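The numbers here are math on the coordinates, done by the rules we state, and not lab data. Quick caveat: nothing in here was measured; it's all calculated off a predicted structure. Counting neighbours? That spans all protein chains shown, and the Cβs are built from the backbone with ideal geometry, glycine included.
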Amino acid sequence: MKVKQHGENLTQLTRLWFVNMYFVREEDGLTLIDTGFSGSGKGILETAEKLGQPVRRITLTHAHVDHAGSLDALHQALPEAELVLPARSAEFLAGNMELLPGEAQAPLRGGFITAEARPDRVLQPGDRLGSLLVVAAPGHSPDQVAFFDERDGTLIAGDAFQTLGGFAVSGVIRWRFPFPAQATWDLATSVHSAQALAALKPQRLAVGHGSVLDNPAAVLNAGINEAQEKLHGQAQKA
Ligand SMILES: [Zn+2]
């Protein structure tokens with residue numbers, strides 16, 4: 001597990017060179033955001049030990065296998081930690097994959113998994129988890145949320161964006177790392193979420209795949225413009 005600190009409160013954990021998980025430091029201990037593929041639990045627990053802080057909360061940005069794969073293992077290893085999931089991710093993990101009226105009726109993509117663990121609490125956009133504001137970020141998947149740390153403007157955006165293989169809004173392909181785009185459910189929803197996330201004016205952007213960016217405003221704008229162009233191109237072809 002590669003470990004990198006960003007500011008006072010964010011620790012980035014990277015496994016298999018392309019999967020990020022994050023610890024957010026709170027006064028009572030750590031919040032884990034995303035659990036990686038199955039088999040990531042040991043490295044996550046060892047990292048918490050090195051940081052010298054207990055894991056108090058476990059959450060996810062979305063229910064894809066590279067984010068939720070070690071959820072059950074960690075839930076079992078950390079029975080005291082509160083399991084707090086986005087409400088929609090909890091549904092997906094329980095096997096209810098239905099789309100809602102009003103959502104893009106496009107096929108789901110990417111590897112969703114089910115889990116045994118049931119959340120102690122579910123999150124809706126606008127809720128808080130410690131210092132983090134829960135922000136809706138559907139598009140890559142219908143259930144995706146982002147977490148905004150208002151203490152220092154850090155945005156943990158799941159796969160709403162990627163930085164590995166080149167910066168992109170989810171749904172715009174980067175051939176050096178095409179998987180997030182290939183796993184994206186609906187580009188129009190993704191662009192809409194990207195704009196809403198950029199409007200938070202994050203000072204730091206942490207994503208599921210690739211390095212953490214400080215002062216991402218210009219990169220975000222360029223990426224959103226490109227995604228809008230792609231979307232308009234698709235609309236014209238349709
Ligand atoms: Zn994903």
### Task
Could you pull out the residue among GLY165, GLY208 that is surrounded by fewer than 20 Cβ atoms within 10 Å (Cβ to Cβ), within 16 Å of the ligand (Cβ to nearest atom) and not hydroxyl-bearing (Ser, Thr, Tyr)?
GLY165
### Task
Confirm whether ARG109 is part of a loop (DSSP other than H, G, I, E, B) and among the basic types (Lys, Arg).
yes
### Message
On the basis of being under 21 Å from VAL55 (Cβ atoms), in a loop (DSSP other than H, G, I, E, B) and away from the ligand (no atom under 16 Å from the Cβ), does GLU98 make the cut?
### Response
no
### Summary
With the first residue restricted to the stretch 106-130 and required to be closer than 14 Å to ASP72 by Cβ, and the second required to be away from the ligand (no atom under 16 Å from the Cβ) and assigned to a loop (DSSP other than H, G, I, E, B), Cβ contacts under 9 Å at 6 or more apart or on different chains are THR114/ALA94; THR114/GLY95; ALA115/ALA94; ARG118/ALA94
### Message
When the residues of the stretch 49-73 are narrowed to those that are among the aliphatic types (A, V, I, L, M) and surrounded by fewer than 22 Cβ atoms within 10 Å (Cβ to Cβ), which ends up farthest from the ligand (Cβ to nearest atom)?
### Response
LEU51
